[in-house]
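Single-structure report; data block below.
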Amino acid sequence: MFNPQFQKLGDILIHEGILDETKLGQALERQKTTKEKLGKLLIRMGMITEADLVKVYALQLGHPAVFEEDLMKVDSELINIIPEDFAYENMSLILGKSETTIVVAMEDPEDLGTVDAIEKLTSLKVEVYVAGESSLHTAIEYHYGKIKQTDEVDAALSNIQVFSGDEEDSSLVDLTSQGVSDEDAPFVKLVNLILAEAVKERSTDVHIEPQSHEVSVRIRIDGVLQKIMTPPVSSLSGITTRLKILSNLDIAERRLPQDGRMSLKMGDREIDVRVSVLPTVHGEKIVMRLLDKGSFNLDLTTLGFRPENLATFGRWIRQPYGMVVISGPTGSGKSTTLYASLKEIKSEGTNITTVEDPVEYQMDGINQVAVKEKIGLTFGSTLRSILRQDPDTLLIGEIRDEETADIAIKFALTGHLVFSTVHANDAPSTITRLIDIGVPPFLVGSSLNLVVAQRLVRTICPNCKEEYTPDEKELERLGLKPGESKYYHGRGCVQCRQTGYRGRSGIFEILEMRQPIRKLVFENANQEIIREKAQEMGMVSLREAGIKKLLDGVTTFEEVTRSTVEDF
């Protein structure tokens with residue numbers, strides 16, 4: 001008679017008709033290389049589902065199985081019996097409770113340490129049910145998220161101040177529900193909670209997106225969007241109206257895009273919030289960009305430069321004149337690198353002025369000007385005035401048109417050091433982008449000193465970092481060979497919101513404008529010819545820089561392929 005409690009996992013899968021011997025053999029062969037648990041490997045290879053594994057695991061260990069549908073129905077009053085951190089770390093969720101027994105869903109029922117800890121915590125005998133890892137994670141996130149939303153509303157109300165409108169004409173908005181109608185009070189609390197959660201999690205953007213049946217609220221943490229809540233679609237109008245009031249927008253206009261701003265104060269932190277409203281088929285989508293206006297506390301050594309790149313970069317930013325341009329998409333850390341550069345070179349003997357929209361960081365010892373288009377304070381008009389301010393070094397937030405580019409290059413050609421940013425994909429295309437804007441090639445070639453393309457990759461969470469063996473496809477995608485190096489990833493923990501990542505580090509493609517490159521620019525060569533010559537002279541591409549970060553154990557295969565394109 002077949003007794004599953006005395007059989008191996010693979011044999012039970014075959015007996016239950018879930019797997020055949022050929023596929024099991026393939027998985028066992030792969031397991032010799034990856035060293036993974038067989039069940040997880042079979043799921044990753046697509047041979048079984050998580051539900052299949054839970055069913056078979058329950059048969060093997062003699063515990064009942066529980067699936068996601070039932071995990072989501074747990075009584076919320078039971079959830080707080082064990083702390084959230086404990087639930088995430090040990091993948092366990094309370095299902096029920098009697099006078100003598102507590103029922104717990106666990107991914108690994110044989111984890112006796114967790115069972116003992118729950119018994120000590122509750123003074124009750126533990127009855128274990130088997131559940132799948134992703135189902136448990138989803139349920140834990142859902143239930144503790146509900147508790148968090150309820151518990152944190154009061155804290156959010158007391159901790160946040162919002163100043164609406166422009167900086168010159170800002171007024172403090174009362175965020176409490178006092179004086180607000182009973183109908184609007186829930187939306188006031190909900191908006192406060194969204195803002196508080198975004199600031200607490202160090203996010204740079206908040207997306208409030210209407211869907212057909214719900215509203216999706218996502219925040220961008222370390223460059224990647226993560227969902228934090230899904231209010232009902234009936235709440236969209238209240239959320240939108242509340243945010244429009246806070247950012248001085250027209251609450252009656254729902255057909256056209258609108259842009260506004262407000263400021264948040266949480267404790268000692270002051271955060272500038274740019275609000276964008278866009279009509280979509282399901283309603284108005286709102287995106288808020290959060291800029292921390294606090295003092296700048298980074299320097300070049302903490303941005304992610306490799307030692308050889310840091311020496312090159314440091315040499316060029318200390319030149320008496322010329323242009324240093326940083327390129328990359330929005331959110332790639334360009335402004336941070338420029339401010340770290342200014343921090344490195346500022347002194348009492350130099351006059352440094354910046355022109356930005358908006359001013360992202362406040363720094364003592366430099367003069368910062370915020371562009372205000374609606375009153376005529378444009379990049380062009382400001383730069384012309386700065387010429388009469390006896391500047392030594394100038395930072396221009398972004399070169400976005402011919403007028404700004406022309407003034408910047410004239411500054412660089414008349415004895416000033418100019419820092420700026422351009423939206424371009426890589427270092428060679430930054431040069432062709434400036435020419436495309438309307439700057440003659442001979443001026444670009446004469447004024448540019450250094451071009452740096454930049455990206456940010458998420459770094460592995462130090463709390464849950466572990467060594468692992470990548471599969472052949474991952475290695476092949478980056479042109480690496482098995483056994484060439486040790487590789488790491490994050491297992492996922494409470495500190496990193498189960499993502500396996502915490503923080504970001506820069507990767508850089510540095511193009512020095514030495515004579516052979518200048519000659520190609522004078523001849524109006526295309527970016528491919530410039531790239532070939534630059535690589536011949538030692539330029540490291542973004543993909544290569546990402547691979548070096550991977551081999552250093554800083555980031556993962558996933559991040560390198562997400563942030564860079566393959567070198568052809």
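The values are calculated or read from the model by the stated rules, or taken from the named source; none is laboratory data. The structure displayed is predicted, hence computed values, not measured ones. In this analysis, Cβ positions are derived from the backbone assuming ideal geometry, glycine residues included, and neighbour counts consider all displayed protein chains. Note: accessible area is taken over every heavy atom of the protein model, side chains too, but ligands, DNA and RNA are not part of it. Shrake-Rupley method; radii C 1.70, N 1.55, O 1.52, S 1.80 Å.
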Practice task
Output the peptides 429-436, 538-545, 345-352 sorted from most to least packed, where packing is the average of other Cβ atoms within 10 Å over each peptide's residues.
Solution key: 429-436, 538-545, 345-352
Problem - Helix 185-200 axis, angle to the chain major axis (alpha carbon atoms, nearest 10°) - result: 70
Problem - Contact order normalised by residue count of the chain, Cα under 8 Å, 6+ apart, percent - result: 9
Exercise for the section: May I ask which residue of Leu195, Gly283, Leu338 lies farthest towards the positive end of the charge dipole of the chain, with charges of +1 (Lys, Arg) and -1 (Asp, Glu) on Cβ and the Cα centre as origin? Expected result: Leu338
Handout entry: In nm, spacing of pseudo-spin labels at Thr22 and Glu402 (7 Å Cα→C-beta vector)
Key = 6.6
Exercise for the section: Assign one of three labels to the stretch 10-57, namely rounded, prolate or oblate, based on the Cα gyration tensor with a ≥ b ≥ c the square roots of its eigenvalues; rounded applies when a/c is under 1.5, prolate when it is not and a/b is larger than b/c, and oblate otherwise. Expected result: oblate
Handout entry: Rounded to the nearest 10 Å², the accessible area of Val457 at probe 1.4 Å
Key = 0
Practice task
Determine the gain in length on full extension of the stretch Leu278-Asp390; use 0.36 nm per residue of separation and subtract their C-alpha separation, reporting nm with one decimal.
Solution key: 36.1 nm
Exercise for the section: Select from Leu434, Ile517, Thr421 the residue farthest towards the positive end of the dipole of the chain; place +1 on Cβ of Lys and Arg, -1 on Cβ of Asp and Glu, and compute about the Cα centre. Expected result: Ile517
Handout entry: C-alpha center-to-center spacing [the stretch 257-307, the stretch 8-56] in angstrom
Key = 46
Exercise for the section: Rank by packing, highest mean first: peptides 331-344, 88-101, 297-310, with packing defined as the count of other Cβ atoms within 10 Å averaged across residues. Expected result: 331-344, 88-101, 297-310
Fill in the blank from the handout: By the Cα gyration tensor axes a ≥ b ≥ c (a/c under 1.5 gives rounded; else a/b larger than b/c gives prolate, otherwise oblate), the shape of the stretch 420-568 is prolate
Exercise for the section: Quick one: pull the percentage of alpha-carbon pairs in the stretch 278-410 with a separation above 20 Å. Expected result: 52
Completion exercise
Output row, site Arg202, 7 Å Cα→C-beta label point, backbone N cut-off 19 Å, window the stretch 312-349, residues 331-340
Practice task
Take Ile48, Ile245 and sort them by solvent-accessible surface of the protein heavy atoms, 1.4 Å probe, largest at the top.
Solution key: Ile245, Ile48
Fill in the blank from the handout: Accessible-area order for Ile18, Ile219, largest to smallest, probe 1.4 angstrom, reads Ile18, Ile219
Problem - Dipole magnitude of the stretch 404-558, debye to nearest 20 (Cβ charges: Lys/Arg +1, Asp/Glu -1, about Cα centre) - result: 480
Practice task
Taking the Cα centre of the stretch 275-356 as origin, work out the dipole magnitude from +1 charges on Lys and Arg Cβ and -1 charges on Asp and Glu Cβ, in debye rounded to 20.
Solution key: 100
Exercise for the section: Compare His213, His423 by solvent-accessible area with a 1.4 Å probe and give them largest first, with all protein chains kept in place. Expected result: His213, His423
Problem - Degrees, to the nearest 10: 542-551 long Cα axis against longest axis of the chain - result: 40
Fill in the blank from the handout: Probe 1.4 Å, heavy atoms of protein chains only: per residue, the accessible area of the chain in Å² is 49
Practice task
Label the stretch 263-306 by shape, choosing from rounded, prolate and oblate, from the square roots a ≥ b ≥ c of the eigenvalues of the Cα gyration tensor; if a/c is under 1.5 it is rounded, and otherwise prolate applies when a/b is larger than b/c, oblate when it is not.
Solution key: oblate
Handout entry: Rounded percent of accessible protein surface that carbon and sulfur make up, the chain, 1.4 Å probe
Key = 48
Practice task
Compute the acute angle (0 to 90°) between the alpha-carbon long axis of helix 50-61 and the principal axis of greatest extent of the alpha-carbon atoms of the chain; round to the nearest 10°.
Solution key: 40
Problem - Accessible area of Cys496 in the full protein assembly, 1.4 Å probe (Å², nearest 10) - result: 10
Completion exercise
With all protein chains in place and a 1.4 Å probe, Phe442 shows an accessible area in Å² (nearest 10) of 120
Practice task
Only Lys, Arg, Asp and Glu count, each charged at its Cβ (+1, +1, -1, -1), so figure out the dipole size of the chain about its Cα centre, rounded to 20 debye.
Solution key: 1440
